[in-house]
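A.B. asks: This is the structure I have questions about; it appears just below.
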Amino acid sequence: MSLALLFPGQGSQDVGMGRDLARSHPVAARTFEESDDILGFSLSRIMWEGPEDELVRTANAQPAILTHSVAVLRLVEANLGPVGLAAGHSLGEFTAHVAAGTLDFPDALRAVRLRGELMLAAGEARPGAMAALLGLDEAQAQGVCEAASRNGSVVVTANLNSPGQIVISGDDDAVARALPLAREAGARKAVPLKVSGAFHSPLMEPAREGLRRHLESVSFRRSRFPVVANVDARPVDAPERARDLLVQQLTSPVRWQDCIGTMVEAGVERFLELGPGTVLKGLNRRIVRGVPTESVGTPEDVASVLGLTEAETA
């Protein structure tokens, strides 16, 4: 149980992501080509060339991050040794299930592309907002949300990322009311986020049904190792349970701090974040001390994991 794999979620995308990996490693290049073929358009071009406003679109960002993460996984998995657990932040939970063998890459890629489209449509049908609160605990954030929710407008805790870092989500007016209330409750910062919808809130309910119908047509297998679910921070390896939790996740908070806690309690002694960016490594610095986290997303990172020299990666 010493090693756990972590996979990033939306927000970790960046123009140019994965391009150097494709240039350095044929396995990565084939992964990006496979993604383009599966989706029927050049996602890799958007990833490598932008423009940024096209990459950050939910329906593009989600498959882009999953593809980058799977490319890294394929490069390093033979060198990792036994994996005890995996988890992914929101979208990244799909990638974790690819790593665990619950889902095939093509099925996961199509699912997250649709997931992004459904989330965007739900956001257009009922516009919402999200905001980051720094310096409040979960109980304080929930109190703020309860006080700001009224007259049919709701705001809820959406991402419980780390101690003192919580994201709230809901109707525009409820989120707007929550910001000054959070500051009054002692938040160091209460900052609106640039998003296309109120993710992980009841406003995403219309997206749940579409995702549920799609995932019912997808083959899920028993995982090779458990994936710790965002919804309840508990390990899951049963196919039907994994499917249900991925649907519930759309309207449930991402309990990321609890997910990491579950892994540490299970005996994890090392984390590897596979994919673009270092967001999860940064969160782990605040969640758990004494358990190292390494981010692997660039050719240099891959070389470090594989024990290669710079010349051997060229």
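The values are calculated or read from the model by the stated rules, or taken from the named source; none is laboratory data. For clarity, every value in this text was computed on a predicted model and none was experimentally measured. Because the Cβ atoms are built from the backbone with ideal geometry, glycine has one as well, and the counts that use them run over all protein chains shown.
A.B. asks: So, in the stretch 197-232, of the ones that are under 16 Å from the mean Cα position of the chain (by Cα) and more than 26 Å from Gly123 (Cα to Cα), which residue ends up surrounded by the most Cβ atoms within 10 Å (Cβ to Cβ)?
C.D. replies: Once the filter is applied, the top-ranked residue is Val227.
One line per residue, one yes/no per condition, for (1) in contact with a helix residue (DSSP H, G or I) (Cβ under 7 Å, 6 or more places away or on another chain); (2) closer than 26 Å to Ala111 by Cα; (3) assigned by TED's automatic domain parsing to the domain that holds Leu73:
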position	(1), (2), (3)
Arg208	yes, yes, yes
His214	yes, yes, yes
Arg243	yes, yes, yes
Thr262	no, no, yes
Gly267	no, no, yes
Thr278	no, yes, yes
Thr293	yes, no, yes
Val296	yes, yes, yes
Val302	yes, no, yes
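A.B. asks: Would you mention how many residues in the stretch 185-208 are small (Gly, Ala, Ser) and either outside any loop (DSSP other than H, G, I, E, B) or out of contact with any Ser or Thr (no Cβ under 6 Å at 6 or more places or on another chain) (or both)?
C.D. replies: 6
A.B. asks: For residues that are touching a Ser or Thr at 6+ places or on another chain (Cβ under 8 Å) and either more than 12 Å from Val296 (Cα to Cα) or not small (Gly, Ala, Ser) (or both), tally how many sit in the stretch 54-72.
C.D. replies: Final tally of qualifying residues: 7.
A.B. asks: Being modelled with pLDDT of 95 or more, farther than 24 Å from Arg234 by Cβ and in contact with a strand residue (DSSP E or B) (Cβ under 6 Å, 6 or more places away or on another chain), is that true of even one residue in the stretch 69-90?
C.D. replies: Yes, the stretch 69-90 has at least one match.
A.B. asks: I've got another one for you. Those residues that are more than 12 Å from the chain's Cα centre (by Cα) and under 21 Å from Val195 (Cβ atoms), I need them from the stretch 65-95; list them, please.
C.D. replies: Answer for the stretch 65-95, where residues must be more than 12 Å from the chain's Cα centre (by Cα) and under 21 Å from Val195 (Cβ atoms): just His68.
A.B. asks: If Phe32 satisfies all but one of (1) surrounded by fewer than 18 Cβ atoms within 10 Å (Cβ to Cβ); (2) modelled with pLDDT of 95 or more; (3) over 24 Å from Ala207 (Cβ atoms); (4) not hydroxyl-bearing (Ser, Thr, Tyr), what's the number of the condition it fails?
C.D. replies: Failing condition for Phe32: (1).
A.B. asks: Next question, about the same structure. Here are Arg224, Arg188: which of them is touching a Gly at 6+ places or on another chain (Cβ under 6 Å), modelled with pLDDT of 95 or more and not assigned by TED's automatic domain parsing to the domain that holds Thr58?
C.D. replies: Only one candidate qualifies: Arg188.
A.B. asks: Right, something else. Among the listed residues Gly11, Gly116, Gly16, which satisfies the condition of being touching a residue at least 40 places away in the same chain (Cβ under 8 Å) and assigned to a loop (DSSP other than H, G, I, E, B)?
C.D. replies: Of Gly11, Gly116, Gly16, the one residue that is touching a residue at least 40 places away in the same chain (Cβ under 8 Å) and assigned to a loop (DSSP other than H, G, I, E, B) is Gly11.
A.B. asks: Given the structure, is Ser223 without any contact (Cβ under 8 Å) to a residue 24 or more places away in the chain and among the polar types (S, T, N, Q)?
C.D. replies: When the stated conditions are applied, Ser223 does not pass them.
A.B. asks: Go through the stretch 163-207 and give me each residue that's among the basic types (Lys, Arg) and over 17 Å from Gly143 (Cα atoms).
C.D. replies: Correct list: Lys194 only.
A.B. asks: So how many residues does the stretch 216-237 have that are over 23 Å from Glu77 (Cβ atoms) and not polar (S, T, N, Q)?
C.D. replies: 5
A.B. asks: While we're here: Please tell me if Lys194 is surrounded by fewer than 18 Cβ atoms within 10 Å (Cβ to Cβ) and touching a Leu at 6+ places or on another chain (Cβ under 6 Å).
C.D. replies: no
A.B. asks: Among the residues of the stretch 269-280, is there at least one that is part of a helix (DSSP H, G or I), modelled with pLDDT of 95 or more and more than 20 Å from Ala61 (Cα to Cα)?
C.D. replies: Scanning the stretch 269-280 turns up no residue that is part of a helix (DSSP H, G or I), modelled with pLDDT of 95 or more and more than 20 Å from Ala61 (Cα to Cα).
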